[in-house]
Amino acid sequence: MSHRIAATLTVALHQHVARARRALAAEDGQGTVEYAGLAMAIGVLLLAVGSVLGKDHGIGSIITGAIKSALEQASGGAK
């Protein structure tokens, strides 16, 4: 993965978080929503990076598996 792609993904993530923060500024419980959204965005970003880098059998695959599991549970996909 080139640094340019990583930088582009990071900038896009920051823009989406800033947009979400502005949209939720007047609502109660905004901290929880922002943290949940940020955690989901970071999880998706890490999954994208992991898929670009390919299969590895070290700590990366363990982290990727844990993130996938957490995202499935959060979205109600796990049974």
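Miscellaneous remarks
- Ile59 passes every criterion in (1) at pLDDT below 85; (2) among the aliphatic types (A, V, I, L, M); (3) open to solvent by less than 50 Å² (accessible area, probe 1.4 Å) apart from (3).
- Residues in the stretch 13-32 that are touching a helix residue (DSSP H, G or I) at 6+ places or on another chain (Cβ under 8 Å) and modelled with pLDDT of 75 or more were compared, and the one that is nearest to Ser2 (Cα to Cα) is Leu13.
- Number of the condition not met by Gly76 [criteria: (1) modelled with pLDDT under 80; (2) at negative phi]: (2)
- Test for Ala66: is it modelled with pLDDT of 80 or more, open to solvent by 50 Å² or more (accessible area, probe 1.4 Å) and either in contact with a helix residue (DSSP H, G or I) (Cβ under 9 Å, 6 or more places away or on another chain) or basic (Lys, Arg) (or both): no
- Being modelled with pLDDT of 80 or more and either open to solvent by 40 Å² or more (accessible area, probe 1.4 Å) or in contact with a strand residue (DSSP E or B) (Cβ under 9 Å, 6 or more places away or on another chain) (or both) is a property that Ala36 has.
The values are calculated or read from the model by the stated rules, or taken from the named source; none is laboratory data. What you see is a predicted model, and the numbers here were worked out from it, not measured in a lab. Glycine also receives a Cβ, built like all others from the backbone with ideal geometry; neighbour counts cover every protein chain displayed. With ligands, DNA and RNA removed, areas are computed over all heavy atoms of the protein, side chains included. Shrake-Rupley method; radii C 1.70, N 1.55, O 1.52, S 1.80 Å.
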